[in-house]
């Protein structure tokens, strides 16, 4: 290599490195597009559109404290700012019912939903809406590098008392990290997920980090935003002590009347993407982020005091990041909390940065005047406002400015307050705005937004027949989706645009429906029918029973018999791709074949022309489907339909396929015309009995669908005999007996024709319906004569995972028999006789979409444009803890229950942890080899709960399942007493072991007011009773399956008097009895004399009228017992203390 060559190689490498370096540097400063937004804010705002309406109308979203969050509103407000536990602010900004959430949509159980911070829940729903608004189907992003960046400033939901059954979910439910992590988990995103807490600036900092991650290539898309839901009034109480609240709850940003902040709930979410990616993907670009910066106050005047110097620095850094000067920015959305300290400092920083040397003033506004200080959502609220303003060309006014604050030298720079709505003219360049957000933590953020270039949308496509596909998680949600879409239609609706937008911007969920129509009125009528649970000819519904589909497609090419006059004419006129392919096929067929197919019914039903016309139709239709990227995994053809199938699969060229089918048709036409074919609805083996040299098996289309062919009289005779046996038959409209000995006379000549053709192995797998290799001439000769085994082909393809079939033919000939062959698959016709061709094909496309078969909607909707559609109709249910008081019962109140929650409906829930370690006496209750909680312990717990509610008598009590106890593990027990009704309260006992999240109901019944105790065991022992020898009692019980340990062997003596049994029982000294009305082991021993050792071992299943009166004083350690038969398998038991 010469020196010149080495130098040239070096210069090439340096040039490539420089080019790469430029690309890397450009990526680090590439503008980032905002492609989607969603939000919820005070004032009933549930969308960006509603926020804009609130802003331009000068709406005030602030209001009174909410009544549905369990706050003690009567004692919360006090005008004295020093009164502990109160606030002097009369209101704030609150979301409508933030406790309501569609938990089922996100696969979250009710108990987990209750435990989850409502901030997590509203973020999930808002994230979904953001993706829909960005025209990005959520299901298309699973497994993709999508980032999630969420701002927060607290999780005070953790302080709200909750029912004990949510334990186990509280850690994740109240984790700040889960605010982002739960979104990534629910959507399957694999990019960075992080939750940011910089207090009030959290969401703008989160957006800054999302932009950085996109530019660094850490993710391809990112959700960024923030949420605050005030689950408790703690923030109001805290800021009341600091006197930082506005008494009327409103932020009067930069006003002379400013008197403090007004705090609010809020959630906002953005979807951001590199601008080049957004443009390439066709996503809507709402605005462009040119630059951003974040810094900290550092060691300023105080921990929470804002720093004007730091604010100036972050603004200049953001401008530098955007490569812009101060005069390139027209407006700023301020932090603007309305405090007498913060506003003047912020205004001075803006005057020092943006206010110098301007020819046009910088317009200053604050969304907090409308919706309050939404805390962690404040920054993203400002971004959403300015994205809307950039697009609308209007700067909304700031409310509550009686006059500009006198604490700012407004005349020292070109900064003006927006005291009225102002038109935002285009200044010869894109409009631009800055957004500020400053955290009480000292973290400051500033971002520069730029107006997006308006897309070249073009004119709306003319209305034509198109499909609209809707889906939802449930049937009710699907109906609501239909109602919302119907309500959104107006006179200017383009049905093409709506269909296209539904197809490309919405995830395909479990419950699906489609409407096929050609104008808005037709769609509205069908949608209204769907919404009302009715029917309409334009409506297709995928029912629950249709089951899930893998979307694996097979094409079925039907044989002769479905031809109809005019087949393909409408498709030819509507779709140039179809017309081109149809003409290409006809060029190799008989010259008049197109005219025959469309205008000559007599010749169309002759084999010679019918088969050729069918071939041209099938090829053209398949080529049209291919232009829409609808590609099959397998192909099956029936009889002559197999020729078109072979061409589509790549076995035959178009010319060779046309040669084959045209000669096949002409030769068959030359055969005898006195034949017949009959379809018989019977199994093949039944038909085989009747075959002969004059009657042949022509086709097996299903388990009980067979076609015979041959001499007319012989075929008719077979049909009569089979019908006499109870089977049905149908004569086919044909002139020649295909697949029968009638074909023998043409086989040699046909073999000569097909022997000259060229064959290839199929590009797309094709399942033959006859014997042999489809890529050989011998197959096609054999295929003409031998039976068509369509059923076997479908069964074989089904084993390869194909679950959806589209029939390629002029009518629905194979769909019904196909379902008989594979009931688990779905068979769809592409055409139906009597239905307009474009409509039939469109219905097929809609059905394929509902069956998860993918195809190119862009190609199928030429001229379609993205339009806004109603977002998902979430089915929200309330998941907010009812007002309750949690009482710790302490260690001495009840040994098995130590915590009580009073619930709002006049009931209570008692819980406790039961283990053999904490209550070793339970280990002595062994039944059939298992340690089981004694039924008497459940009775004791139920009556203990009842005494707390004034109803200690178990009117009835039934055990539903035994509670098995294991060593080294515990069981959580929950006793729930419900509200009184008809003099009784329902009671239930449930349990949950350590290794499961599910509760099991083990007992239930009713509690009632206890009757006074009657002492009728005073005379003791009972006179005339005979003493019973107990020496063998417990060994006999053990042998019968009742292996009682020492704690339960309480029988001391017993007597019999007729059918009655009397006993004395005592609790062993080593067993502690305090805390129980009657210790369960002692009460269990009272029943031992009722156990029959000769019977099958069994436990008590129900207790009626059981009362355990709390004796007070010393624990009961001895009992007197009387047991009396009370019917089959029932006894009456009376117990009393040693006094009777």
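Just so you know, all these numbers are worked out from the coordinates, no wet-lab data involved. Every value quoted in this text rests on a predicted model; they were computed, and no experiment measured them. Using ideal geometry, Cβ is built from the backbone for each residue, glycine included, and neighbour counts are taken over all protein chains shown.
A convex hull fitted around the alpha carbon atoms of region 182-274 yields 120 Å³ per residue. Here region 671-768 is described by how far its Cα atoms reach on the three principal axes: 49, 32, 23 Å, from widest to narrowest.
Which FRET efficiency, nearest 0.05, do residue 144 and residue 303 yield, Cβ-Cβ r, R0 51 Å? The pair residue 144/residue 303 has a calculated efficiency of 0.80.
When the P(r) is computed for the chain, the part past 54 Å accounts for 47% of the Cα-Cα pairs. Once the gyration tensor of the Cα atoms in region 939-1058 is diagonalised, the equivalent ellipsoid follows with semi-axes of 33, 25, 11 Å, ordered largest first.
Considering only the Cα atoms of region 898-957, their convex hull presents on average a projected area of 5.2 nm². Hey, how much of the P(r) for region 967-1019 falls beyond 17 Å, as a percent of Cα pairs? Counting every Cα pair in region 967-1019, those more than 17 Å apart make up 56 percent. The base-10 log of I(q)/I(0) for region 1062-1101, evaluated at q = 0.16, 0.18, 0.31, 0.33 Å⁻¹, reads -0.50, -0.61, -1.11, -1.18 [Debye formula, identical scatterers on Cα atoms, solvent excluded]. Given in Å, the Rg to one decimal and the Dmax to the nearest whole number for the Cα atoms of region 1026-1136 are 13.9, 41. Neighbour counting of Cβ atoms within 10 Å sorts the residues 1061, 205, fewest neighbours leading, into 1061, 205.
Each 5 Å bin from zero holds the following percent of Cα-Cα pairs in region 391-541: 2, 7, 12, 13, 11, 8, 8, 9, 10, 8, 6, 4, 2, 0, 0. One compactness figure for region 565-643 is 1.08, namely its Cα radius of gyration divided by 2.2 N^0.38 Å. If you wrap the Cα atoms of region 885-1008 in a convex hull and average its projected area over all directions, you get 7.8 nm². Entry note, region 1026-1136: relative contact order of 28 percent, from Cα contacts under 8 Å with a spacing of 6+ residues. I'm a student and want to see the number: the projected area of the Cα convex hull of region 33-451, averaged over all directions, in nm². Hull-based average projected area comes out at 19.1 nm².
Its residues counted as N, region 722-872 yields a C-alpha radius of gyration over 2.2 N^0.38 Å of 1.37.
Restricting to DSSP H runs of at least four residues, report the calculated mean residue ellipticity at 222 nm for the chain, -39500 (n - 2.57) per run over all residues, nearest 500 deg cm²/dmol. Result for the chain: -9500 deg cm²/dmol, rounded to the nearest 500. Counted by neighbouring Cβ atoms within 10 Å, the residues 598, 468 run from fewest to most as 598, 468.
Neighbour counting of Cβ atoms within 10 Å sorts the residues 1034, 10, 805, fewest neighbours leading, into 10, 1034, 805.
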